[in-house]
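The values are calculated or read from the model by the stated rules, or taken from the named source; none is laboratory data. No experiment lies behind these values; they were computed from the predicted model shown. Backbone-built Cβ (ideal geometry, glycine too); neighbour counts: all protein chains shown.
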Amino acid sequence: MLLRVENLHKRYGKEEVLRGVSFSLEKGETKVIIGPSGTGKSTLLRCINRLTEPDRGRVFLEDVEITSPRVNINKIRAQIGFVFQDFNLFTHLTALDNVRLGLIRVKGLSKREATQRALQELARVGLADKAKAYPAELSGGQQQRVSIARALAMDPKLILFDEPTSALDPELIGEVLSVMVELAKSGMTMLVVTHEMGFARSVADEIIFMEKGVIVEQGPPEQLFKRPQHPRTAEFLRRITELYGGEG
Amino acid sequence: MTLVFRWAWLPRLTQGLALTLELTALSMALGAVLGVMLALARVYAKGPLLPFYGLASAYVHFFRGTPLLVQLMALYYGLPSLGIKLHPFTAGLLALTLNTAAYQAEYFRGAIQSVKSGQMLAARALGLTRLQAIRYVILPQALRLAIPPWSNELVYMLKGSAVVYLVGVLDLMGQAKTIAAREFRNFEVYIVVALFYLALVFVFTVVLRWVERRTHIPGLALPGRA
């Protein structure tokens, strides 16, 4: 098992955002988390690499407990890619330098090795020709692809995607999704929070439906879409389909 | 009345100019180093480092809340009573540095805080330590954003440094005072000195504009600036 999440709890003031979330992820699997906004999906992702510290519960990456205070969280984070909703590319760095920074400063690669690796990853997301461009000179879709390249370059054991297409204009969503589809096919382990039901249906090995800080239901897409076990799941899927269209 | 200007003033004024430049450059540079540290403490010192936040804040409030002149006098005339006798130049440089550091700290703090919070998140998510994130992601952006207010501070200090003549430093102002007193040509001497300051300010402004353009990065600017 690559990732195991056990009974995660997180509270912001009075509001309990995560109320005991448990699930696991096998190597090479893609799981998609869906659910209404404000139900703790993003918080869950951030608790997994401890960008947000969970109040209670444990997270294991290949049997190393990364929620243990003894663990060097920077070493762990280097093994977990994170793709943000609003990209968060480093504004002052070119696409190439965005991808190189972690390679040089975290992984200790030489500048030459890092450049070679970074160019490879930029090519993989179709942006080799944009290596010298600054984030502000790229479209949203291109920025998100660079941020995926930045995550990929670190050679992560899994990548967490936090609504990677939600900040994009509709016509730019496709290019990001197709990069993600390719990634999933290549065997990358992925945990994706998204409203893109088409992506969820065609790529996910399993879909997790979350609401109000708990997992309501999880299962293969076929089952979840065709025979949801829980009325809340059915209700959510009906509404999201109206909003985004059947195949996304 | 006729105005009389003499070439003979120039060597002294040039010496004064050099001292003014030296004082301004040194105090601005040292003040920048101290200012960045103060700003970092004010923004990032939390948990066990919280005392540094308190110290930095107290420092900034004290040095921004009292006149530069008072600080200079306290250092030069006050410290000897504690057995510390400073050379006029040293006292001047120290007062200017301590004072500008407090102002620069505020400019840097504003700049650091205007870097979007997602930048730190993304850096930490990659596995960079907080210190690395500050060094490689936050400061390179914040320092660029701080150039315009920093330029203002430089212009201010260039002129403000004139207070050091009061403890006997022969900077541009000190030399002017000496010449004026000896030759009874107050008006003329101060006109010349004013022009010197004006020229300096102009040169510095042009140079910093150039630096700002050279270091400009698309998409990196404070709201309202292109």
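Taking B:LEU139, is it away from every other protein chain (no Cβ under 12 Å) and either in contact (Cβ under 8 Å) with a residue 40 or more places away in the chain or not in a helix (DSSP H, G or I) (or both)? No; evaluated as a whole, the condition is false for this residue.
Scan segment A:122-132 residue by residue and report those that are surrounded by fewer than 18 Cβ atoms within 10 Å (Cβ to Cβ) and either assigned to a loop (DSSP other than H, G, I, E, B) or at pLDDT below 95 (or both). Walk me through it before giving the result.
So in segment A:122-132, the residues surrounded by fewer than 18 Cβ atoms within 10 Å (Cβ to Cβ) come out as A:123, A:126, A:128-129, A:132.
Answer for segment A:122-132, where residues must be surrounded by fewer than 18 Cβ atoms within 10 Å (Cβ to Cβ) and either assigned to a loop (DSSP other than H, G, I, E, B) or at pLDDT below 95 (or both): A:GLY126, A:LYS132.
Report whether or not A:VAL32 is away from chain B (no Cβ under 14 Å) and either touching a strand residue (DSSP E or B) at 6+ places or on another chain (Cβ under 8 Å) or part of a helix (DSSP H, G or I) (or both).
Details: away from chain B (no Cβ under 14 Å): yes; either touching a strand residue (DSSP E or B) at 6+ places or on another chain (Cβ under 8 Å) or part of a helix (DSSP H, G or I) (or both): yes.
The answer is yes for A:VAL32.
Only one entry of A:THR43, A:THR39, A:THR67 meets the criterion of being hydroxyl-bearing (Ser, Thr, Tyr) and under 15 Å from the mean Cα position of the chain (by Cα), and that entry is A:THR43.
Could you tell me whether segment B:147-162 includes any residue that is within 14 Å of another protein chain (Cβ to nearest Cβ) and more than 22 Å from B:PHE62 (Cβ to Cβ)?
Within segment B:147-162, the first condition is being within 14 Å of another protein chain (Cβ to nearest Cβ), and the residues that meet it are B:147.
Still in the running and more than 22 Å from B:PHE62 (Cβ to Cβ): B:147.
Within segment B:147-162 (the criterion being within 14 Å of another protein chain (Cβ to nearest Cβ) and more than 22 Å from B:PHE62 (Cβ to Cβ)), the answer is yes, since at least one residue qualifies.
Each residue in segment A:1-29 was checked for being of a type outside the set (A, V, I, L, M) and not in a strand (DSSP E or B), and 6 pass.
Say whether the condition of being more than 17 Å from the chain's Cα centre (by Cα), closer than 30 Å to B:LYS85 by Cβ and modelled with pLDDT of 95 or more is met by at least one residue in segment B:194-205. Spell out the reasoning first.
Going through segment B:194-205, the residues more than 17 Å from the chain's Cα centre (by Cα) turn out to be B:194-196, B:198-199.
So of that shortlist, the ones also closer than 30 Å to B:LYS85 by Cβ come out as none.
So far as segment B:194-205 goes, no, none of its residues is more than 17 Å from the chain's Cα centre (by Cα), closer than 30 Å to B:LYS85 by Cβ and modelled with pLDDT of 95 or more.
Annotation: of all residues in segment B:70-125 being surrounded by 19 or more Cβ atoms within 10 Å (Cβ to Cβ), within 14 Å of chain A (Cβ to nearest Cβ) and of a type in the set (A, V, I, L, M), the one that is farthest from B:PRO140 (Cα to Cα) is B:ALA125.
Go through the residues of segment A:202-222 one by one and say whether even a single one is without any contact (Cβ under 8 Å) to a residue 24 or more places away in the chain and in contact with a Pro (Cβ under 7 Å, 6 or more places away or on another chain). There is at least one residue in segment A:202-222 that is without any contact (Cβ under 8 Å) to a residue 24 or more places away in the chain and in contact with a Pro (Cβ under 7 Å, 6 or more places away or on another chain). Residue count for segment B:175-190 under the criterion of being in contact (Cβ under 8 Å) with a residue 40 or more places away in the chain and either surrounded by fewer than 20 Cβ atoms within 10 Å (Cβ to Cβ) or in contact with a Gly (Cβ under 6 Å, 6 or more places away or on another chain) (or both): the result is 6.
So for segment A:60-75 (the condition being facing chain B (nearest Cβ under 8 Å), of a type outside the set (Ser, Thr, Tyr) and in a helix (DSSP H, G or I)), does at least one residue qualify? Quick ask: steps written out before the conclusion?
Residues of segment A:60-75 that are facing chain B (nearest Cβ under 8 Å), as a first pass: A:74-75.
From the residues that got through so far, the ones that are of a type outside the set (Ser, Thr, Tyr) too are A:74-75.
Next cut, in a helix (DSSP H, G or I) only: A:74-75.
Yes: segment A:60-75 contains one or more residues that are facing chain B (nearest Cβ under 8 Å), of a type outside the set (Ser, Thr, Tyr) and in a helix (DSSP H, G or I).
Inspect segment B:137-145 for any residue being surrounded by fewer than 22 Cβ atoms within 10 Å (Cβ to Cβ) and either of a type in the set (Phe, Trp, Tyr) or closer than 30 Å to B:LEU166 by Cβ (or both) and give the result as yes or no. Taking every residue of segment B:137-145 in turn, none turns out to be surrounded by fewer than 22 Cβ atoms within 10 Å (Cβ to Cβ) and either of a type in the set (Phe, Trp, Tyr) or closer than 30 Å to B:LEU166 by Cβ (or both). Candidates A:LEU44, A:LEU103: the one that is in a helix (DSSP H, G or I), touching a residue at least 24 places away in the same chain (Cβ under 8 Å), touching a helix residue (DSSP H, G or I) at 6+ places or on another chain (Cβ under 7 Å) and more than 9 Å from chain B (Cβ to nearest Cβ) is A:LEU103.
Confirm whether A:THR52 is among the hydroxyl-bearing types (Ser, Thr, Tyr), in a loop (DSSP other than H, G, I, E, B), within 14 Å of another protein chain (Cβ to nearest Cβ) and within 20 Å of A:PRO156 (Cβ to Cβ).
Details: among the hydroxyl-bearing types (Ser, Thr, Tyr): yes; in a loop (DSSP other than H, G, I, E, B): yes; within 14 Å of another protein chain (Cβ to nearest Cβ): yes; within 20 Å of A:PRO156 (Cβ to Cβ): yes.
So A:THR52 passes the test.
With respect to (1) farther than 20 Å from B:ALA25 by Cβ; (2) loosely packed, with under 15 Cβ neighbours inside 10 Å; (3) more than 14 Å from chain A (Cβ to nearest Cβ), the lone exception for B:PHE202 is condition (1).
Scanning segment A:106-118 for residues that are more than 9 Å from every other protein chain (Cβ to nearest Cβ), within 22 Å of the chain's Cα centre (by Cα) and either within 16 Å of B:ARG124 (Cβ to Cβ) or not basic (Lys, Arg) (or both) yields a single hit, A:ALA118.
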